[in-house]
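The values are calculated or read from the model by the stated rules, or taken from the named source; none is laboratory data. Since the model is a prediction, treat every value here as computed from it, not as a measurement. For neighbour counting, all protein chains shown are included, and Cβ atoms are generated from backbone atoms with ideal geometry for every residue, glycine included. Ligands, DNA and RNA are excluded from the accessible area calculation, which covers all protein heavy atoms including side chains. Shrake-Rupley method; radii C 1.70, N 1.55, O 1.52, S 1.80 Å.
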Amino acid sequence: MKNLKVLLSAIVLSLAFGAQAQVETKKTTTTTTTTLPEWGVAGSNDARYYYIPDIETYYDVKNKNFVYMKDGTWAKTTELPDTYKDYDLYSGYKVVLDDEAEPYGDYDKMKVKYNKGFKGEPQKTVKIKKRKNGTVKIKETD
């Protein structure tokens, strides 16, 4: 009888520790990913392009480059053109474009509709902070 109690106790303990081990092995780390630039518009996770009226420049969110007219052709660079290197992307207004098509064909209409100095609805800028464990924290700022 004593052996049976010891055996049952051993089974119960092994099941309890086994269940705990299973729970620990199922833990996963959640990683948030975003393609938005750190000066991007909060809530525009589906944005494909931004049009920046003040500098008549597009930003390709997916490819992470600026697209602007230079000598009659579209130039693509990862940095702002020298003419606008001091432009504040955080406070400047960005028109969010979520269509996958390249918007350059509508450039003449875009310049008229969103002229320099255009301000639409108030925007919040994202603040992206990469953590040591590889996750990303996104915070909205005014």
(Q) Can you pull out every residue in the stretch 53-71 that is among the β-branched types (Val, Ile, Thr) and within 13 Å of the chain's Cα centre (by Cα)? (A) Val61
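Residue-wise test of (1) modelled with pLDDT under 95; (2) loosely packed, with under 13 Cβ neighbours inside 10 Å; (3) assigned to a strand (DSSP E or B); (4) within 20 Å of the chain's Cα centre (by Cα).
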{"residue": "Ser9", "(1), (2), (3), (4)": "yes, yes, no, no"}
{"residue": "Leu15", "(1), (2), (3), (4)": "yes, yes, no, no"}
{"residue": "Thr31", "(1), (2), (3), (4)": "yes, yes, no, yes"}
{"residue": "Glu38", "(1), (2), (3), (4)": "yes, no, no, yes"}
{"residue": "Gly105", "(1), (2), (3), (4)": "yes, yes, no, no"}
{"residue": "Asp108", "(1), (2), (3), (4)": "yes, yes, no, no"}
(Q) I'm trying to understand the selection: among the residues of the stretch 55-85, which are open to solvent by 20 Å² or more (accessible area, probe 1.4 Å) and either at positive phi or charged (D, E, K, R) (or both)? (A) Glu56, Lys62, Lys64, Lys70, Asp71, Gly72, Lys76, Glu79, Asp82, Lys85
(Q) For a quick check of your reading of the model, give me the residue pairs whose first member lies in the stretch 72-93 and is without any contact (Cβ under 8 Å) to a residue 24 or more places away in the chain, whose second is assigned to a loop (DSSP other than H, G, I, E, B) and surrounded by 10 or more Cβ atoms within 10 Å (Cβ to Cβ), with beta-carbon atoms closer than 8 Å and at least 6 apart or on different chains. (A) Ala75/Pro81; Lys76/Asn63; Thr78/Lys64
